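Please see the structure below; I have some questions.
Just so it is clear, none of the values below were taken in a lab; they were calculated from the coordinates. Model, not experiment: these values are computed from the prediction. So basically every Cβ, Gly included, is an ideal-geometry build from the backbone, and we count neighbours across all protein chains shown.
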Amino acid sequence: MKACVFTLGCKMNEVESASLMRGLEARGYETTNELGYADLYLLNTCAVTAEAERKSRQAVARMRKFNPAAPVVVCGCASEQNAEAFLEKEGVVLVLGAQNKGKVLNILEKRGIFRETERSFCELPYPKQTKTRAFLRIQDGCNRFCSYCLIPYLRGRTRSRSAESVLAEAKSCGAKEIVLTGIDISSYRDGEIGLGELLLLLKDVPARIRLGSLEEGIVDEKFLLQMKEAGNVAPHFHLSLQSGSTAVLKAMNRRYTREEYLACCRKIYEFFPDAAITTDIIVGFPDETDEDFEESLSVIGEARFARVHCFPFSSRPGTVAAKKQDLPAAVKKERMGRISEVAKRAETAYISRFLGTERTVLFEEDGGYSENYIRVYAAGAAEGMLARVKLLRSYRDGAFAEITEVIK
Ligand code: SF4
């Protein structure tokens with residue numbers, strides 16, 4: 001959790017803010033005195049001039065640009081002078097004036113403002129699902145603030161389920177495949193336990209573990225080695241891309257370049273040569289030029305995607321991207337048509353690579369998935385059957401196979 005203590009005015013204010021930061025750190029917050037993204041804002045105001053007062057009021061709006069969901073607490077001279085001017089601002093949850101600074105942290109504690117910023121993971125009863133494939137929630141919320149996305153505003157900051165609780169549900173759900181799900185599972189953290197360590201804890205669960213959508217930053221050598229060591233994790237990486245153009249990625253506030261993303265794919269293939277890398281691509285983002293779009297087309301072949309989910313950009317009011325001029329619908333439609341064809345060809349090429357090879361498939365009601373995410377159909381398959389199969393030919397959205405061994 002991050003707290004920003006922003007200070008205007010005199011040396012006295014600075015010293016008092018430094019004390020507040022120390023107190024916040026003692027309560028487990030990472031602190032900063034510079035305006036930027038935070039989960040809690042403390043504004044120490046100044047009223048020495050009318051200009052100082054104006055800047056103090058403006059600071060609230062500047063904070064809300066970084067994180068509209070975070071509570072803002074105001075103290076200091078300007079708020080003593082005119083509390084109403086702050087109270088009427090959206091996001092301000094408390095105005096304390098200049099005389100209560102020694103009690104600020106105690107008051108925040110009593111008012112539950114620390115609890116509000118912690119926003120712990122909300123446990124829910126086990127969902128109703130089949131014994132074949134279970135979806136297990138391990139995380140909620142997101143801190144990434146991609147410029148087109150409302151999720152961080154709607155679901156709040158990232159928080160993780162305790163590893164103990166994840167393990168208990170994984171052991172008791174009885175499913176043959178468990179899909180670890182969340183909004184941003186790459187950010188999973190329970191103390192020292194990140195996603196890689198969680199996979200190691202799940203290695204003795206008698207189920208195939210599949211990962212939900214991942215962000216590029218998680219894939220490093222350590223994580224891939226942890227996946228290998230766990231031994232029961234499907235080599236399937238749904239690695240969100242969103243655009244093949246570094247310029248568009250920057251406008252989207254994604255935190256990697258095209259080259260970094262491709263390097264990440266190469267690293268995955270080095271550790272898991274048969275891996276399925278699937279992705280999402282947004283078509284017609286407001287800044288996307290023809291050249292940018294060509295880069296989205298070409299990255300599909302370069303990354304050797306197994307499947308690409310393409311969708312046209314849709315403006316979400318309240319996001320940064322919504323302030324930009326939308327591209328004409330006809331441009332988006334034409335680009336969607338072209339990229340869908342390229343994506344289809346990539347999918348067919350991926351399936352063809354594995355024809356004639358053996359894979360392990362968990363069958364559902366109508367077909368099933370191989371460990372590397374090929375949809376497989378076979379005569380004699382039944383729901384819940386885990387089997388080794390030989391892929392014979394392309395069929396429907398995947399491959400037709402013959403069962404060579406029923407595992408369970
Ligand atoms: S697109 Fe995904 S990573 Fe980006 S802000 Fe939305 S939920 Fe978070």
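Run down the aspartates and glutamates and flag those whose C-alpha is under 12 Å from the C-alpha of Lys222, throwing out any fewer than 8 positions away in its chain.
Counting by Cα, and skipping residues close in sequence, Lys222 has these aspartates and glutamates nearby: Glu197.
Could you list, in their original order, any pairs among Lys11/Lys110; Lys344/Lys390; Lys65/Lys323; Lys203/Lys408; Lys55/Lys103; Lys65/Lys110 whose Cα atoms are separated by more than 21 Å?
Lys11/Lys110; Lys344/Lys390; Lys55/Lys103; Lys65/Lys110
Residue-wise, which Karplus ³J(HN,Hα) couplings in Hz belong to segment 246-253, taking 6.51 cos²θ - 1.76 cosθ + 1.60, θ = phi - 60°, and x for glycine or proline?
Working through the residues one at a time gives 4, 5, 5, 4, 5, 5, 7, 6 Hz.
Quick one: which residues, 5+ away or cross-chain, put their amide H under 5 Å from the amide H of Arg189? H built at 1.01 Å from N.
Result for Arg189 returns Ser160.
Residues with amide H under 5 Å of Gly156's amide H, sequence separation 5 or more or different chain, H placed in the peptide plane at 1.01 Å from N; which?
Long-range HN contacts for Gly156: Cys142.
Rounded if a/c is under 1.5, else prolate if a/b beats b/c, else oblate: with a ≥ b ≥ c from the C-alpha gyration tensor eigenvalues square-rooted, which is segment 2-118?
rounded
Separate question: Sort the following peptides by mean Cβ neighbour count (other Cβ atoms within 10 Å, averaged over residues), highest first: 74-80, 367-373.
Taking the mean over residues of other Cβ atoms within 10 Å, the ranking is 74-80, 367-373.
Could I ask something else about it? Using a Gaussian network model of the chain whose springs link C-alpha atoms within less than 10 Å, name the residue from Gly194, Gly337, Gly212 with the highest mean-square fluctuation.
Ranking Gly194, Gly337, Gly212 by mean-square fluctuation puts Gly337 first.
Where a ≥ b ≥ c are the square roots of the eigenvalues of the C-alpha gyration tensor, would you call the chain rounded, which needs a/c under 1.5, or, failing that, prolate if a/b is larger than b/c, or oblate?
Prolate.
Let me have the relative contact order for the chain, percent, based on Cα pairs under 8 Å that are six or more residues apart.
Rounded, it is 9 percent for the chain.
Take the chain, connect every pair of alpha-carbon atoms lying under 10 Å apart with a spring to form a Gaussian network, then pick out the residue of Glu192, Glu16, Glu288 with the largest mean-square fluctuation.
Of the options given, Glu192 has the highest mean-square fluctuation.
Taking neighbour Cβ counts within 10 Å as the exposure measure, how do Lys323, Lys11 sort from fewest upward?
Lys11, Lys323
Kindly write out, for segment 67-76 in residue order, the coupling ³J(HN,Hα) from the Karplus curve 6.51 cos²θ - 1.76 cosθ + 1.60 (θ = phi - 60°), rounded to whole Hz, with x marking Gly and Pro.
Rounded to whole hertz, the list is 8, x, 8, 7, x, 10, 10, 10, 9, x.
For Lys101, which aspartates and glutamates qualify as cross-link partners when the Cα separation must be under 15 Å and same-chain residues fewer than eight apart are set aside?
In chain and number order, the partners are Glu14, Glu16, Glu80, Glu109.
Okay, next question. By how many degrees, between 0 and 90 and to the nearest 10, does the Cα long axis of helix 290-303 differ from the longest principal axis of the chain?
Approximately 50 degrees, to the nearest 10.
Residue by residue through segment 396-404, what is 3J(HN,Hα) from phi via Karplus (6.51 cos²θ - 1.76 cosθ + 1.60, θ = phi - 60°)? Round to whole Hz and write x for glycine and proline.
Along segment 396-404, the couplings run 6, 8, x, 9, 9, 9, 10, 6, 9 Hz.
Using a cut-off of 14 Å between beta-carbons, work out the net charge of the residues near Leu200 (Lys and Arg +1, Asp and Glu -1, Leu200 not included).
Working: positive: Lys203, Lys222, Lys228; negative: Asp190, Glu192, Glu197, Asp204, Glu229.
Result for the neighbourhood of Leu200: -2.
How much of the pair distance distribution for segment 358-406 lies past 15 Å, counting alpha-carbon pairs only, in percent?
Numbers: 295 of 1176 pairs.
Counting every Cα pair in segment 358-406, those more than 15 Å apart make up 25 percent.
What list do you get for Tyr269, Tyr261 if you sort them by fewest beta carbons within 10 Å?
Ranking Tyr269, Tyr261 by Cβ neighbours within 10 Å, fewest first, gives Tyr269, Tyr261.
Who wins for biggest fluctuation among Gly28, Gly301, Gly318 in a Gaussian network model of the chain, springs between alpha carbons below 10 Å?
Highest fluctuation of the listed residues: Gly28.
Which far-off residues, 5 or more places away or on another chain, put their amide H under 5 Å from the one on Ala98, with H placed in the peptide plane?
Result for Ala98 returns Gly76, Glu80.
Around Ser245, what is the net charge, scoring Lys/Arg as +1 and Asp/Glu as -1 over all other residues with Cβ under 10 Å from its Cβ?
Details: positive: Lys250, Arg258; negative: Asp287, Glu288, Glu291, Asp292, Glu294, Glu295.
Around Ser245, the charge tally is -4.
Within segment 366-405, report the trypsin sites (Lys or Arg not before Pro) that DSSP leaves as loop and that have at most 12 other Cβ atoms within 10 Å.
Arg396
Per the Kirkwood definition applied to all pairs of different Cα atoms, how many angstroms is the hydrodynamic radius of segment 184-301?
15.2
To continue, here is another question. Using only Cα atoms, tell me the angle between helix 258-271 and the longest principal axis of the chain; keep it within 0 to 90° and round to the nearest 10.
Once rounded, the angle reads 50 degrees.
Taking the number of other C-beta atoms within 10 Å as the exposure measure, put Cys310, Cys142 in order starting with the fewest.
The fewest-first ordering by Cβ neighbours comes to Cys310, Cys142.
Size of segment 299-408 along its principal axes in angstrom, Cα-based, largest extent first?
Projected onto its principal axes, the Cα set of segment 299-408 covers 56, 27, 20 Å.
So how tilted is helix 50-66 from the main axis of the chain? Cα-based, degrees 0 to 90, rounded to 10.
10
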